[in-house]
Amino acid sequence: MLIHNDRNSQLAQFIAVNQQAFTQLLTFIDFSQNLTIGFVEVNFNAEADFLIESLKNHPISEENQFEVLSFGEDLRFLRDEIVKILPTIKREANKELVLIVRGLEKSIGKFGEYPPVLQDLNFVRDAYKTSVPYPILFVLPDYAITRLAKFAPDFWAWKSGVFLFKTTQSTRDDAVARTIDSERSFRTLKTPEKQERIELLESLLMDYSPSHSGTEKNPSACSNILHQLGVAYLSQGNPVKAREYLEPALKLTKESGNVSLQAEVYNELGKAYEQERQFLAAMSAYQASLEIAQKLGNRRGEANTLYDLGNVCQDLRDWQQATVFYQQCLEIEQAIGDIYSQASTYQQLGWVAKEMWNLTEAERYYRKALEIFSEYDDRSGMAYSWGVLGDIQRNRGNWDEAERLYRQSLELKTELGDRSGIAYSWGGLGDIERNRGNWDEAERLYGQCLEIMTELGDRSAIAASIGCLGENELGRGNLDAAETLLQEALAKIQELGMTWHIAETNYDLARLERQRNNPELAQQYYNTAHQIFQQLGAAKDLEKIEREWLNPDF
């Protein structure tokens, strides 16, 4: 009952704050006949609900039947969709039909030129007269109305009213509490909660930076919101959209002189560029963040950025420079007494050592990481460490010990519900079975890995899994099936710019063509692999393929 009363109070407050706009809207509805177009600006979904509820509960509903038509993303032909829905509406006797269109903003979008839905809206404007002969209220947020007016000017010219509804202070305060002031990190939220926070942030952004001329803006609040939206989209693996928010955030922090936030924005931009595999741009952004952190004496920020710079060098397979950055990061973490963060840095140092085939050193680093994660009862960190320790034993050819570690990791990841981690463990177990010659079991494990990665939309892992399935068929001697899978994997990894994997797959194709007794084609694939490994400075990989290629029994 308390919740119900609170909602009634919020609804009443919303109408009280917008009494004039609500009265004008009622008058508009009362005099509307046939096709009449009105635009209603409401920034928050909750308040759009209040508005529609108020219309349906008002005496005007005795003469008008309000029907809400909700649309999602990727809508192209609005009129066609409305025409499909109209025959399904159960008409109420002696009432005029009024259509309320919601969700169109999802297809209009916030960035870019000429949204397709608005192109069509302009193009088929005249057809609305006969096919949709009813008053239509478009309930849209600020930015969507602005873009509609810009990109569908002919349709916009037909409007008979524009009604601007202000956001109540209580709604704004609630949104701030659940987003900007929330103690929960965005990266810890589940997908539905992430989407809800994104929608609240975008609504707040419109409130603090409205498109109406002469309306007061709040640059400080906007820079914070833009930054958080960038973080939000990065956590969803959407770096392009993240940059659309982070770049204006950076501009605002420079204008306001908020160097602390500027360093954070640079850091998130670095992550966006890194996800897009624009590694030089990522390095530049991280370096800018590092310089600010050093000037401010922000040791924690300095350590974080050194860690990120190490990750970029790892992506570039510049192992020596990656080690330098990670060691600098570790020194700061030790100096400030941040024991927990040292575990992740030890993991990265261990990964670099593993890639350089310094397996003893790699194991030492991962054992240190595991010790810290165990001390802090970080079960996710423990599971990951066991998994990579399994990789190290696999690289040594210790299949039984590797399998034990993979299964130990898999058990904990399953308990935690870590789908990506489960897939990683299955992939490692698949490698072991493939090396043992258990082709059917390897195929099953790789298939399970691919299924999860496809479900998660992890494109690089999908490509790697398909490549593993191809290697498995190659080991079986099913050359046609192997070629199909390897070529599919190659196309995907080339698109993603996965350089090391491109070399590895070319080498697999070289082995395949050699088995087919196509020496010229085999040599071409081998030369490509050799050249890439050489460019990457992958000495161990070069040594391996050169040794195998020169072996007459290979």
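The values are calculated or read from the model by the stated rules, or taken from the named source; none is laboratory data. Everything quoted here is computed from the prediction, not taken from an experiment. Cβ atoms come from the backbone with ideal geometry, glycine included; neighbour counts cover every protein chain shown. Keep in mind that these areas ignore ligands, DNA and RNA; they rest on the heavy atoms of the full protein, side chains included. Shrake-Rupley method; radii C 1.70, N 1.55, O 1.52, S 1.80 Å.
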Quiz item: Tell me, how many Å apart are the Cα centres for region 224-246 and for region 259-315?
Solution: 15 Å
Quiz item: In degrees between 0 and 90, to the nearest 10, how far off the longest principal axis of the chain does helix 419-435 point, with axes built from Cα atoms?
Solution: 30 degrees
Quiz prompt | Rg(Cα) / (2.2 N^0.38 Å) computed for region 294-335, rounded to two decimals | solution = 1.13
Quiz item: What are the residues whose amide H is under 5 Å from the amide H of residue 37, where those residues sit 5 or more places off or on another chain and H is modelled from the backbone?
Solution: 136, 160
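Please list 58, 530 from largest to smallest accessible area, probe radius 1.4 Å, with all protein chains kept in place.
Numbers: 58 60, 530 40 Å².
If we order 58, 530 from most to least accessible, we get 58, 530.
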Practice problem: Can you check how the C-alpha radius of gyration of region 71-116 compares to 2.2 N^0.38 Å, as a plain ratio? | Solution: 1.45
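Which order do 150, 56 take when ranked by solvent-accessible area (1.4 Å probe, heavy atoms of all protein chains), largest first? Let's see the in-between values first.
Values: 150 130, 56 100 Å².
Accessible-area ranking of 150, 56, largest first: 150, 56.
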Practice problem: Please give the helix 319-335 orientation as an angle from the longest Cα principal axis of the chain, in degrees from 0 to 90, rounded to the nearest 10. | Solution: 70 degrees
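Kindly state, as a whole number, the per residue volume in cubic angstrom of the convex hull around the alpha carbon atoms of region 248-312. It would help to have the intermediate numbers written out before the result.
Working: hull volume 4.2 nm³, N = 65.
Expressed per residue, the convex hull around the Cα atoms of region 248-312 is 65 Å³.
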Self-check item: Accessible surface, per residue, of the chain when the full set of protein chains is kept, probe 1.4 Å, Å²
Solution: 48 Å²
Quiz item: Contour minus end-to-end for residue 88 and residue 456, with contour as 0.36 nm per residue of separation and end-to-end as the Cα-Cα distance?
Solution: 128.8 nm
Quiz prompt | Accessible-area ranking of 340, 365, largest first, probe 1.4 Å | solution = 340, 365
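For residue 531 and residue 236, compute 0.36 nm times the residue count separating them, minus their Cα-Cα distance, and round to one decimal in nm. Don't jump to the answer; show the numbers that get you there.
Numbers: separation 295, 0.36 × 295 = 106.20 nm, distance 3.50 nm.
Stretched fully, the residue 531-residue 236 segment lengthens by 102.7 nm.
Apply 1/(1 + (r/R0)^6) to the Cβ-Cβ distance of residue 291 and residue 396, taking R0 = 41 Å, and write down the FRET efficiency to the nearest 0.05. It would help to have the intermediate numbers written out before the result.
On the way: r = 42 Å, r/R0 = 1.02.
In this case the efficiency is close to 0.45.
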Practice problem: Net charge near residue 77: determine it from the other residues with C-beta under 12 Å of the C-beta of residue 77, scoring Lys and Arg +1 and Asp and Glu -1. | Solution: -1
Quiz item: Does region 1-102 come out rounded, prolate or oblate by the C-alpha gyration tensor, with a ≥ b ≥ c the root eigenvalues, rounded set by a/c under 1.5 and, if not, prolate when a/b is larger than b/c and oblate if not?
Solution: prolate
Quiz prompt | Nearby lysines by direct alpha-carbon distance to residue 492 (threshold 27 angstrom, same-chain neighbours under 8 apart not counted) | solution = 241, 271, 354, 540, 544
Quiz item: Placing +1 at every Lys and Arg Cβ and -1 at every Asp and Glu Cβ, with all other atoms neutral, what dipole size does the chain have around its Cα centre, in debye to the nearest 20?
Solution: 840 debye
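Remind me, what semi-axes does region 326-374 give for its equivalent ellipsoid, largest first in whole Å, using sqrt of 5 times each Cα gyration tensor eigenvalue? Intermediate values should be presented prior to the final figure.
Details: eigenvalues 71, 29, 8 Å².
Whole-Å semi-axes of the equivalent ellipsoid: 19, 12, 6.
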Quiz item: Carbon and sulfur: what percent of region 481-554's accessible surface (1.4 Å probe)?
Solution: 47 percent
Quiz item: For all pairs of alpha-carbon atoms in region 169-295, what percent lies in each bin of width 10 Å, listed from the first bin to the last filled one?
Solution: 13, 42, 34, 10, 0
Practice problem: Let me know the shape class of region 40-181, please: from the alpha-carbon gyration tensor, a ≥ b ≥ c as square roots of the eigenvalues, rounded when a/c is under 1.5, otherwise prolate if a/b is greater than b/c, or oblate. | Solution: oblate
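Can you give the net charge of the other residues whose Cβ lies under 15 Å from the Cβ of residue 543, counting K and R as +1 and D and E as -1? Don't skip to the answer; put the middle values down first.
Values: positive: 540, 544, 547; negative: 355, 504, 541, 546, 548.
So the environment of residue 543 carries a net charge of -2.
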Quiz item: Which net charge results for the neighbourhood of residue 442, defined as the other residues with beta-carbon distances under 12 angstrom from its beta-carbon, given Lys and Arg at +1 and Asp and Glu at -1?
Solution: -3
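With the full set of protein chains in place, find how many percent of the accessible area of region 383-451 is carbon and sulfur; take the probe as 1.4 Å.
44 percent
Restricting attention to region 117-213, which GluC sites (Glu not before Pro) occupy a DSSP loop and are surrounded by at most 13 other Cβ atoms within 10 Å? Please list the in-between numbers first.
Values: sites: 183, 193, 196, 199, 202; in loops: 183.
Taking region 117-213 and a limit of 13 other Cβ atoms within 10 Å, the loop GluC sites (Glu not before Pro) found are 183.
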Quiz item: Cα convex hull of region 382-527: mean projected area in nm², to one decimal?
Solution: 8.5 nm²
Self-check item: Taking the convex hull of Cα positions in region 460-554, its mean projected area over all directions (nm²)
Solution: 5.6 nm²
Exercise. May I ask you to compute the full-extension gain from residue 247 to residue 415, defined as 0.36 nm times their residue separation minus their alpha-carbon distance, rounded to one decimal in nm?
Key: 56.5 nm
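Among the trypsin sites (Lys or Arg not before Pro) in region 88-141, which ones are in a DSSP loop with at most 11 other Cβ atoms within 10 Å of the Cβ? Mind listing them?
On the way: sites: 90, 91, 95, 102, 106, 110, 125, 129; in loops: 90, 91, 95, 110.
Counting only loop positions with at most 11 other Cβ atoms within 10 Å, the trypsin sites (Lys or Arg not before Pro) in region 88-141 are 90, 91.
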Quiz item: Tell me, how many Å apart are the Cα centres for region 462-486 and for region 342-356?
Solution: 30 Å
Quiz item: Which trypsin sites (Lys or Arg not before Pro) from region 491-540 combine a DSSP loop assignment with at most 13 other Cβ atoms within 10 Å?
Solution: 516
Quiz item: Helix 439-456 versus the longest principal axis of the chain: what is the Cα-based angle in degrees, 0 to 90, to the nearest 10?
Solution: 30 degrees
Quiz item: Roughly what would the spin-label model give for residue 364 and residue 218, points 7 Å off Cα along C-beta, in nm?
Solution: 5.4 nm
Quiz item: For the chain, what's the radius of gyration and Dmax over Cα atoms, in angstrom?
Solution: 29.3, 91
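Report, to the nearest whole %, how much of the accessible area of region 246-371 belongs to carbon and sulfur atoms, 1.4 Å probe, protein only.
Values: 2680 of 5600 Å².
Of all accessible area on region 246-371, carbon and sulfur atoms account for 48 percent.
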